[in-house]
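Undergrad: Just dropping this structure here.
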Amino acid sequence: MIELVVDAAGLARSRFAVSPLHEVATTLLPWGLEPGAGAGPWVARARRVLRRARLPLLSALALDAGGYLPDFLSPHPDSPSPSVEEELERVRTTPPERVLDELAALRAGRPDTGLAAAELPPVVRRAVDRGGRYVAGQAARELRCYWDLAFAPHWDAAKAALESEVDRCAGVMARRGAAGLFDSLHPDIRWEDGRLCVESRFTVRVAVPLVIVVPSLVAPGPGVAVDPVCGGLRPPILAVPVRDRSAAPVPPSAELAKLLGPTRAALLAALGRPASTKQLAAVQFLSPATVSYHLGVLHDAGLVTRARNGRTVLYRRTAAGARLAGSR
């Protein structure tokens, strides 16, 4: 259990942020191997990029089991919606001593919290030998490549979905207050007498000046990034999965993907309820133009229909499309 002790002033300072590099870093966590609903296509492509591109530092730090991903790879958002350029510059200019302290925390672990020690991979040790400034610069270069190859084409749609979640949460807070908002974020998060409690395999209790909440389309459950450096004062990041996944797809069967191709099969599976091109683009991490093209093919085949609802065109499966997708 992670317990964040937040006083009234800290609760008033707590805020939301939409962060491109936090979503990128989430694919490097074990979550990236079992992403939240709707993130599968994006994460699968991202993992392929990580395997095939020459990104030795990121590949070495990516986790497939429990552990710690250094915080400097996803700097704390200093505004509600920083650009990827701003965040990459913050990675590049991370103080060298901070980089080395975080890698030391990775190596030593935090036995008192349940975080096991881990040997630094050889490629990371070689980078550390060249100094913290070099590590930060190399990380920024690799993150830029990873972003350009795997994320940039889909970020506008993803950002729209994340900002929509922030707007939804703002409405909850207006009606129920900040404590009520935290209780509404996820079943594993609750507010109790000045403590924000998050179910976790780690054991942490710490007083914090505020909490930064970052919604995620990749994370399947909540996670807390607490400063691992002894005496560190960074406020914690609470990553929460986007709650409203009205257009999130049911994964298509292998047979359907083989028949239609993975993209069209995923879109047909996603249309268990009506959805717009923009909604589908956000949860499938495809460009709206790509979604529109494949929906056109499905429409011509008689598998989906489309109808205007105000300014939005909604798509839905036909009876034939539902039978093909395995629905009743």
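Undergrad: How high is the relative contact order of the chain, given as a whole-number percent (alpha carbon pairs under 8 Å, six or more residues apart)?
TA: 23 percent
Undergrad: Would you work out which of Tyr146, Phe182, Ser164 lies farthest towards the positive end of the dipole of the range 131-191? Charges go on Cβ: Lys and Arg +1, Asp and Glu -1.
TA: So the residue furthest toward the plus end is Phe182.
Undergrad: Using only helices, what value at 222 nm comes out for the chain when you add -39,500 (n - 2.57) per DSSP H run of length 4 or more and divide by the total residues, to the nearest 500 deg cm²/dmol?
TA: Counting only the DSSP helices, I get -14000 deg cm²/dmol.
Undergrad: With a ≥ b ≥ c taken as the square roots of the eigenvalues of the C-alpha gyration tensor of the range 83-208, please select rounded if a/c is under 1.5 and otherwise prolate if a/b is larger than b/c or oblate if it is not?
TA: The shape class here is oblate.
Undergrad: Dipole of the range 45-129, Cα-centred, from +1 at each Lys and Arg C-beta and -1 at each Asp and Glu C-beta, to the nearest 20 debye?
TA: 660 debye
Each value in this text was obtained by applying a stated rule to the coordinates, not by laboratory testing. These figures come from a predicted structure and were not determined experimentally. Note: ideal-geometry Cβ built from the backbone for every residue, glycine included; neighbour counts use all protein chains shown.
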